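For reference, the structure discussed in these notes is given below.
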Amino acid sequence: MKIERTIDIAAPREDVFDLISRVEAFENYSSIIKKISKIGLKSYRWKIQFAGVDLEWDSEIAEYEKPRRFAWSSVGGLKNSGSYDLEATDNGTRVHFTMECDPPVHVLERLTSFLIGSLMDSIAKELLDNVKAVLEGKGGS
């Protein structure tokens, strides 16, 4: 699975690089990330939780080219790798984020079940709300 995102940030490239290269601070920017611990000179242990699924992995900084590129690769646990590529623009910095991950089958099954359950719940709520509105004279089809 590959994820790509690009965003323009109104800040100098050096400032953006300094922030994204402080890996331990990422837990402050996402509710899904529960803990990031430094376990070596260039390695970190990640713990996340999403849809009731706990995931953990160790990663290592693979590239550190200040202020242009920051990349990592997992070395244990959930297989993943990715990078931040930074480009100076007239208004600040363009950040291109790329991540590839290979979640285990049991994780995909649980996430799929959660997503389908949420989708079906949304459909049921919408359908029942609209039926109620029609029958109570608050809407019409």
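Annotations
- Leading residue by the ranking (farthest from Ala10 (Cα to Cα)) among those in region 53-83 that are of a type in the set (S, T, N, Q) and out of contact with any Gly (no Cβ under 9 Å at 6 or more places or on another chain): Ser74
- Exactly one residue among Glu60, Glu27 is surrounded by 14 or more Cβ atoms within 10 Å (Cβ to Cβ), of a type in the set (Asp, Glu) and part of a strand (DSSP E or B), and that residue is Glu60.
Condition check ((1) hydroxyl-bearing (Ser, Thr, Tyr); (2) at pLDDT 80 or above; (3) touching a Gly at 6+ places or on another chain (Cβ under 8 Å)) across all residues:
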{"residue": "Asp85", "(1), (2), (3)": "no, yes, no"}
{"residue": "Ala88", "(1), (2), (3)": "no, yes, no"}
{"residue": "Gly92", "(1), (2), (3)": "no, yes, no"}
{"residue": "Met99", "(1), (2), (3)": "no, yes, yes"}
{"residue": "Pro104", "(1), (2), (3)": "no, no, no"}
{"residue": "Glu109", "(1), (2), (3)": "no, no, no"}
{"residue": "Ser113", "(1), (2), (3)": "yes, no, no"}
{"residue": "Met120", "(1), (2), (3)": "no, no, no"}
{"residue": "Ala124", "(1), (2), (3)": "no, no, no"}
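- Restricted to region 31-57, and to residues there that are in a loop (DSSP other than H, G, I, E, B) and out of contact with any strand residue (DSSP E or B) (no Cβ under 8 Å at 6 or more places or on another chain), the residue that is modelled with the lowest pLDDT is Ala51.
- The residue list Val95, Val16, Val53, Val75 contains one member that is closer than 26 Å to Ser118 by Cβ and either β-branched (Val, Ile, Thr) or assigned by TED's automatic domain parsing to the domain that holds Ser118 (or both), which is Val53.
The values are calculated or read from the model by the stated rules, or taken from the named source; none is laboratory data. As the structure is a prediction and not an experimental result, all values here were calculated from the model. Note that each Cβ is placed from the backbone with ideal geometry, even for glycine, and that neighbours are counted across all protein chains shown.
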